[in-house]
Amino acid sequence: MMLAATVFRLNNPFFLNHEMNPMKTITNLFKLALFIATGIVPFAVNAHHSTTMFDRTQVVTITGVVKEVQWTNPHVAIFVSGAVKESDEQSLWLMEMTSPGNLIRVGGWSRTAVKAGDKVVVEFSPLRNGGKGGALKKITETQTGKVYTADIFAQENANLEQSK
């Protein structure tokens, strides 16, 4: 058994080249880890930021009651029990948004802007697969009339010229 371990060490170029210099071994391991990370990270980032699951050409409106707000990174989510038409059965819908930081900076949101129990009207881009959810564009509290938007692109348009 000892002979097999000795043969492996002697025939392995990794050990032959770096056995006497541990710094070179550490440096090469770091380079290998960096190489692997640069190959994996772009795929993870691209997959995370894809919004192709939403049909941005459509806007659906539901009326309902907020059941839960998840104010967490990387995306805020609001669960609304509601229906597209008054005659439809109430369903639980998942509305996805951007990060809390973006909502605060650009949308005028706060952690308590929309709370469980609030009656709301929600406009959103639906999921392409027909599921009960979408990308929230605008939410209006029916009791106060307060409007919040999660459409970052619309918020970035200055709209300095008012239409007459």
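Here is the figure for the range 119-131: residues that are crowded, with 19+ Cβ neighbours inside 10 Å and within 14 Å of residue 146 (Cβ to Cβ) total 2.
Residue pairs whose Cβ atoms lie under 7 Å apart, sitting 6 or more positions apart in sequence or on different chains, and linking a residue in the range 103-128 that is not assigned by TED's automatic domain parsing to the domain that holds residue 142 and of a type in the set (A, V, I, L, M) to a partner that is part of a loop (DSSP other than H, G, I, E, B) and at pLDDT 95 or above, do not occur here. With respect to (1) in the same structural domain as residue 101 (by TED's automatic domain parsing); (2) farther than 16 Å from residue 103 by Cβ, the lone exception for residue 54 is condition (1). Among the residues making up the range 107-118, those that are surrounded by 17 or more Cβ atoms within 10 Å (Cβ to Cβ) and out of contact with any Leu (no Cβ under 9 Å at 6 or more places or on another chain) are 107, 114, 118. Hey, among the residues in the range 72-101 that are over 14 Å from residue 138 (Cα atoms) and within 12 Å of the chain's Cα centre (by Cα), which one's surrounded by the fewest Cβ atoms within 10 Å (Cβ to Cβ)? Taking the candidates together, the pick is 73. Take the conditions (1) modelled with pLDDT of 95 or more; (2) farther than 18 Å from residue 131 by Cα; residue 42 misses just one of them, which is (1).
The values are calculated or read from the model by the stated rules, or taken from the named source; none is laboratory data. Given the structure is predicted, the values throughout are model-derived calculations rather than measurements. Note that we place each Cβ from the backbone using ideal geometry, even for glycine, and neighbour counts take in every protein chain shown.
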